[in-house]
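Engineer: Input: one structure, supplied below.
The values are calculated or read from the model by the stated rules, or taken from the named source; none is laboratory data. This structure is a prediction, so every number in the text was calculated from the model and none was measured. As a convention, Cβ positions derive from the backbone with ideal geometry for all residues, glycine included, and neighbour counts pool all protein chains shown.
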Amino acid sequence: MGEQLVIHGGRPLRGRLPASGSKNAALYALAAPLLTSDPVTLHNVPEIADIEGMGRVLRALGATFEVDGEDVSIDASGVTKTAAPQDLAIALRASFLVMGPLLARFGEAACPPPGGDVIGVRPLDVHLAGFRALGADVRREGQHFVARGRLRGTRIFLDYPSVLGTVNVLFAAALAEGETVIVNAAAEPEVAMAAEMLVAMGARISGHGSNTITVEGVERLHGVDFAIIPDRIESGTYLLSGVATGGDVAIEGARADHLDSLLTKLGEAGAGVEVTPDYVRACAPADGGPLRAVQLQAVPYPGFPTDLHAPMAAALTQAEGVSTIHERVFENRLLYLGELRAMGARMTAGGQSVIIEGPTPLVGSAVRALDVRAAAAVVLGGLCASDETVVRDLAHLDRGYPRIEERLSALGARVFRR
């Protein structure tokens, strides 16, 4: 049956937590050392299952990968293979990010279509078209996509501002001959951080954090000591948990400028929001009443993040009125609906939109964590619910939220594994 998370809900969460390092940004950073033969050390890496999963891919290629708490050391000087093993790559979406670095450094790379959550089709077209634009020959050979060739800079228009696609093309362009301009690039903070890491390794990049990134290729990159940015999704999830349970939570080290869309919606819902250089804080409405319903769309950054859609939906079950969330990124993001309905949530789906009526007294139930962010939604629902909630399929939860029972307990939640 596997481990289960048991939650005895109905208690307001109160207190402070330090922000964890970003899950997504860390995964991007783990692929970057393949661009150099020098050692790389990363700090503030979250202690989650996906990090070790990416480590297994890097080790299979010939790199050394050592973890010491939140520090990770990678040395890719011994890389002898340019094809990621199928059994390892299919377990992790970010595994496809080895393609850009291997292609740029060795002139060839191969990786099978990767796995990950079942939240929708995330085509690799953006990655492959970018490699072709840089001059690579790209084809399917058996179970692998294979790219070969000497890369030359060019102007590349991405059909969609894919985060992983932007990062992979950015990696490839860093060692390409001449200038590359990536148009319609993803502007997410995690993409900007990946570019900053490359700059610290000797790359020449400008415009990152916007939708047009310019890369002047260099002959080689060197090693670096680099710290991962705070996780805006984890921080947002804990802020939502505090507000939804009628509590008061502050996240130390959180980047408010990465949380604009969430903090704006919390303010619209009547929550108290405080931003300081040291922390971001959110609390239940000062008048003691319920949250107010809000309308929002989950769209690419700087819009409301799709990765906070499910936790936000769970929180809005406690808001008075009818809330609507329109999902514009992934077509199968609504897996959490059935689980929250089992707890008494009044939710209906129409296409890629969900309508939430509240406030609803949730009741503890046995539920499943069907993807990483749906896992956060059912945990948040359990924190709001009366009685006992039992969450199964914790592998998804552990992929995105380090030491979650420890961190929730520090805020006053009654939660444990069995």
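Engineer: Limited to the stretch 373-386, what total is found for residues that are surrounded by fewer than 24 Cβ atoms within 10 Å (Cβ to Cβ) and either in a loop (DSSP other than H, G, I, E, B) or within 26 Å of the chain's Cα centre (by Cα) (or both)?
Structural biologist: Looking only at that region, the number is 0.
Engineer: Pairs, please: C-beta under 9 Å, at least 6 apart or cross-chain, first residue farther than 23 Å from Asp307 by Cα and not assigned by TED's automatic domain parsing to the domain that holds Tyr336 and in the stretch 354-374, second modelled with pLDDT under 95 and not polar (S, T, N, Q)?
Structural biologist: none
Engineer: Tell me which residues, restricted to the stretch 270-280, are touching a helix residue (DSSP H, G or I) at 6+ places or on another chain (Cβ under 8 Å) and assigned to a strand (DSSP E or B). Talk me through it step by step, then tell me what you get.
Structural biologist: Here is the first cut: in the stretch 270-280, the residues touching a helix residue (DSSP H, G or I) at 6+ places or on another chain (Cβ under 8 Å) are 271, 273, 275, 280.
Of everything in the stretch 270-280, those that are touching a helix residue (DSSP H, G or I) at 6+ places or on another chain (Cβ under 8 Å) and assigned to a strand (DSSP E or B) turn out to be Val273, Val275, Val280.
Engineer: Exactly one of (1) assigned to a loop (DSSP other than H, G, I, E, B); (2) closer than 21 Å to Pro33 by Cβ is unmet by Pro161. Its number?
Structural biologist: (2)
Engineer: Over 15 Å from Ala110 (Cα atoms), touching a strand residue (DSSP E or B) at 6+ places or on another chain (Cβ under 6 Å) and not in a loop (DSSP other than H, G, I, E, B) - does that describe any residue in the stretch 82-99?
Structural biologist: Checked the stretch 82-99: no residue is over 15 Å from Ala110 (Cα atoms), touching a strand residue (DSSP E or B) at 6+ places or on another chain (Cβ under 6 Å) and not in a loop (DSSP other than H, G, I, E, B).
Engineer: Has the stretch 296-309 got at least one residue that is of a type in the set (A, V, I, L, M, F, W, C) and more than 21 Å from Pro161 (Cα to Cα)?
Structural biologist: Taking the stretch 296-309 first, the residues of a type in the set (A, V, I, L, M, F, W, C) are 296, 298-299, 304, 308.
Applying the additional criterion that residues be more than 21 Å from Pro161 (Cα to Cα) yields none.
For the stretch 296-309, residues of a type in the set (A, V, I, L, M, F, W, C) and more than 21 Å from Pro161 (Cα to Cα): absent.
Engineer: Please enumerate the residues belonging to the stretch 12-43 that are of a type outside the set (Gly, Ala, Ser), part of a loop (DSSP other than H, G, I, E, B) and within 15 Å of the chain's Cα centre (by Cα). Outline the logic, then answer.
Structural biologist: To start, the set of residues in the stretch 12-43 that are of a type outside the set (Gly, Ala, Ser) comprises 12-14, 16-18, 23-24, 27-28, 30, 33-36, 38-43.
Right, trim to part of a loop (DSSP other than H, G, I, E, B) and you get 12-13, 36, 38.
Answer for the stretch 12-43, where residues must be of a type outside the set (Gly, Ala, Ser), part of a loop (DSSP other than H, G, I, E, B) and within 15 Å of the chain's Cα centre (by Cα): there is none.
Engineer: Also: Which residues, taken from the stretch 282-329, are under 21 Å from Val363 (Cα atoms) and part of a loop (DSSP other than H, G, I, E, B)?
Structural biologist: Ala284, Gly289, Pro290, Ala293, Thr317, Gln318 - these are the residues of the stretch 282-329 that are under 21 Å from Val363 (Cα atoms) and part of a loop (DSSP other than H, G, I, E, B).
Engineer: Six or more apart or on different chains, Cβ atoms under 7 Å: show the pairs whose first residue is in the stretch 313-324 and without any contact (Cβ under 8 Å) to a residue 40 or more places away in the chain and whose second is buried (at least 24 other Cβ atoms within 10 Å of the Cβ) and assigned to a helix (DSSP H, G or I).
Structural biologist: Sorted first by the residue in the stretch 313-324, then by its partner, the pairs are Ser323/Leu316.
Engineer: So for the stretch 63-70 (the condition being at pLDDT 95 or above, in a strand (DSSP E or B), buried (at least 17 other Cβ atoms within 10 Å of the Cβ) and not assigned by TED's automatic domain parsing to the domain that holds Leu411), does at least one residue qualify? Full working, then the answer.
Structural biologist: Of the residues in the stretch 63-70, the ones at pLDDT 95 or above are 63-70.
If we keep only those that are in a strand (DSSP E or B) as well, we get 64-68.
Restricting the remaining residues to those that are buried (at least 17 other Cβ atoms within 10 Å of the Cβ) gives 65.
Remaining after also requiring not assigned by TED's automatic domain parsing to the domain that holds Leu411: 65.
Among the residues of the stretch 63-70, at least one is at pLDDT 95 or above, in a strand (DSSP E or B), buried (at least 17 other Cβ atoms within 10 Å of the Cβ) and not assigned by TED's automatic domain parsing to the domain that holds Leu411, which makes the answer yes.
Engineer: Scan the stretch 229-246 and give yes if some residue there is part of a loop (DSSP other than H, G, I, E, B), surrounded by fewer than 19 Cβ atoms within 10 Å (Cβ to Cβ) and out of contact with any Cys (no Cβ under 8 Å at 6 or more places or on another chain), otherwise no.
Structural biologist: Of the residues in the stretch 229-246, the ones part of a loop (DSSP other than H, G, I, E, B) are 229, 231, 245-246.
Pick out the ones that are also surrounded by fewer than 19 Cβ atoms within 10 Å (Cβ to Cβ) and you get none.
Checked the stretch 229-246: no residue is part of a loop (DSSP other than H, G, I, E, B), surrounded by fewer than 19 Cβ atoms within 10 Å (Cβ to Cβ) and out of contact with any Cys (no Cβ under 8 Å at 6 or more places or on another chain).
Engineer: Give Arg333, Arg292 a once-over and let me know the one that is over 15 Å from Gly236 (Cβ atoms) and surrounded by 17 or more Cβ atoms within 10 Å (Cβ to Cβ). Talk me through it step by step, then tell me what you get.
Structural biologist: Working: Arg292 fails: surrounded by 17 or more Cβ atoms within 10 Å (Cβ to Cβ).
Checking each option against the conditions leaves just Arg333.
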